[in-house]
Amino acid sequence: MENKLVYVIGSQGVPYFGKYQLQPWVENINKVLVSNGYKVITFTVGHHRDYFVKAGIKVFISRQIPFFLDPFSLDIALKLLFYKRPLFVIIHGFQHFLTLLSLLVLSIRNIPVVLIVHGLYKEPKNNIVSFLRDSILKLFLRFTKLPYLLVALTNYDKFLLLKEWRIPINKIIVSKVFLYINSEELQMIEEKDIKYKKNVDRVRFLYVGRMVYHQKRIDRLIKTFYQFLMNLKLQNRWDIELIMIGEGPMRPFISRMIKKLRIENNINVIGSVSEKEKWQLYLTGIALILMSEFEGLPRTFYEAFTTGNIVIAPNICGLSEVIHNGVNGYLFNSEADLLKILDFVVNNIEKVMEMGYKNYELTKKELILENNEIELIRIFNKLLSK
């Protein structure tokens with residue numbers, strides 16, 4: 001009997017994405033695999049051990065070892081070592097101890113691996129543990145005989161994998177399909193919700209993401225938005241709002257900062273929300289804002305496009321491969337640039353609404369997972385042909 005078993009390893013599980021929900025990109029790959037006749041078992045890391053079945057897919061949640069800042073659990077490695085041999089394994093996340101240990105175990109059994117690289121991250125220079133992890137991972141990927149493919153989400157990351165990690169070019173593929181919107185998500189969005197956004201009484205910007213310290217630079221976003229609000233005050237404009245969705249260690253600090261600046265009426269920190277609530281909030285917005293120091297390719301970009309938002313983001317890493325100034329959003333190189341963009345948006349609502357609607361139309365036409373799943377199957381077939 002043909003082996004159609006696939007293991008999928010996700011770096012984060014509950015509670016970040018809900019008790020019975022994995023990250024959207026993990027869910028996407030699982031959907032494609034199941035629809036093409038594969039049997040899928042997913043392993044992930046959370047705050048406790050648990051197990052559930054969703055859409056016929058078994059999901060095992062291993063307890064996070066507290067000592068490690070990035071996702072790590074020994075029992076996933078033991079399952080990979082002793083469970084039934086799969087046809088291949090998919091690992092989401094790259095610079096993680098969970099990825100490194102999984103690769104070492106899989107090399108013992110010589111099981112082919114697809115590695116999804118969701119961005120290459122700069123670790124603090126004094127972080128010896130991360131330096132050692134990445135050094136071992138680099139050596140392993142250069143010299144292992146294990147069949148593997150790295151899937152980079154941008155050409156920028158492909159360049160870094162070639163130049164800094166010295167990965168052979170035939171081991172790297174660039175694909176964004178993992179991040180696309182699936183048909184179930186699209187059904188939550190009605191065209192009339194996009195068309196009639198201009199009837200809302202407030203101009204709403206959105207931040208959707210983790211509230212963490214050194215990557216997302218949320219404190220600088222708050223300070224810049226505060227300056228933007230002060231500029232608008234001179235124009236007697238009070239109809240501007242920033243909604244912040246997400247959880248993380250910075251949330252209490254951000255709440256205190258907003259209170260100290262006395263802008264509670266203009267910046268609302270909501271925290272974590274359900275999947276349905278997330279899409280409803282997107283539909284009330286006009287633009288998604290990021291101010292990160294470094295990024296891979298956020299899935300939130302595609303969520304924003306689907307709901308008729310533009311994206312305002314820093315001109316870093318490979319983001320310019322997706323965001324095009326004046327077409328589907330704006331890129332900025334400094335806080336002064338961001339202030340100019342925010343001012344342009346609130347004073348050119350009709351143009352921005354039109355850009356947002358075109359983003360929605362483009363998503364329906366080109367960026368739906370099920371319409372592009374053949375690209376994923378080709379990646380899996382390429383791995384198995386090695």
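The values are calculated or read from the model by the stated rules, or taken from the named source; none is laboratory data. Note that the coordinates shown come from a computational prediction; the quantities given were computed from them, not determined experimentally. Cβ sites come from the backbone with ideal geometry, for glycine too, and all protein chains shown count toward neighbours.
Apart from one condition, K216 fits all of (1) surrounded by 19 or more Cβ atoms within 10 Å (Cβ to Cβ); (2) charged (D, E, K, R); (3) touching a strand residue (DSSP E or B) at 6+ places or on another chain (Cβ under 8 Å); the exception is (3).
Taking A304, is it of a type in the set (A, V, I, L, M), modelled with pLDDT of 95 or more and under 17 Å from the mean Cα position of the chain (by Cα)?
On the way: of a type in the set (A, V, I, L, M): yes; modelled with pLDDT of 95 or more: yes; under 17 Å from the mean Cα position of the chain (by Cα): yes.
Spelling it out, A304 is indeed of a type in the set (A, V, I, L, M), modelled with pLDDT of 95 or more and under 17 Å from the mean Cα position of the chain (by Cα).
Of the residues examined, K145 is one that is surrounded by fewer than 21 Cβ atoms within 10 Å (Cβ to Cβ), out of contact with any strand residue (DSSP E or B) (no Cβ under 8 Å at 6 or more places or on another chain) and assigned to a loop (DSSP other than H, G, I, E, B).
Listed here are the residues, each with its yes/no results for (1) over 23 Å from L22 (Cα atoms); (2) assigned to a loop (DSSP other than H, G, I, E, B); (3) modelled with pLDDT under 95; (4) not assigned by TED's automatic domain parsing to the domain that holds I316.
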residue: P86; (1), (2), (3), (4): no, yes, no, yes
residue: I91; (1), (2), (3), (4): no, no, no, yes
residue: L101; (1), (2), (3), (4): no, no, yes, yes
residue: K125; (1), (2), (3), (4): yes, yes, yes, yes
residue: D134; (1), (2), (3), (4): yes, no, yes, yes
residue: F140; (1), (2), (3), (4): yes, no, no, yes
residue: L149; (1), (2), (3), (4): no, no, no, yes
residue: L162; (1), (2), (3), (4): yes, no, no, yes
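Within the range 277-305, the residues that satisfy the criterion of being among the hydrophobic types (A, V, I, L, M, F, W, C) and outside any helix (DSSP H, G or I) are I286, A287, L288, I289, L290, M291, F294, L297.
Output the residues belonging to the range 267-283 that are basic (K, R) and touching a helix residue (DSSP H, G or I) at 6+ places or on another chain (Cβ under 9 Å). Scanning the range 267-283 gives a single hit, K278.
Residue check: is E350 out of contact with any Leu (no Cβ under 7 Å at 6 or more places or on another chain) and assigned to a helix (DSSP H, G or I)? Yes, satisfied. Only residues that are of a type in the set (K, R) and either more than 16 Å from the chain's Cα centre (by Cα) or under 16 Å from D343 (Cα atoms) (or both) were counted in the range 269-291, giving 1. Taken over the range 22-59, the criterion of being closer than 19 Å to S73 by Cβ and free of Cβ contacts under 8 Å to residues at least 12 places away in the same chain is satisfied by Y51 alone.
Being part of a strand (DSSP E or B), of a type in the set (V, I, T), in contact with a strand residue (DSSP E or B) (Cβ under 9 Å, 6 or more places away or on another chain) and under 26 Å from L139 (Cβ atoms) is a condition met by no residue of the range 66-79.
Restricted to the range 75-114, and to residues there that are free of Cβ contacts under 8 Å to residues at least 40 places away in the same chain and in contact with a Ser or Thr (Cβ under 7 Å, 6 or more places away or on another chain), the residue that is surrounded by the fewest Cβ atoms within 10 Å (Cβ to Cβ) is D75. Entry remark, the range 247-275: residues being loosely packed, with under 15 Cβ neighbours inside 10 Å, without any contact (Cβ under 8 Å) to a residue 24 or more places away in the chain and assigned to a helix (DSSP H, G or I) number 4 in total.
Within the range 251-266, the only residue that satisfies the criterion of being farther than 27 Å from N315 by Cβ and either in contact with a helix residue (DSSP H, G or I) (Cβ under 8 Å, 6 or more places away or on another chain) or not assigned by TED's automatic domain parsing to the domain that holds V208 (or both) is E264.
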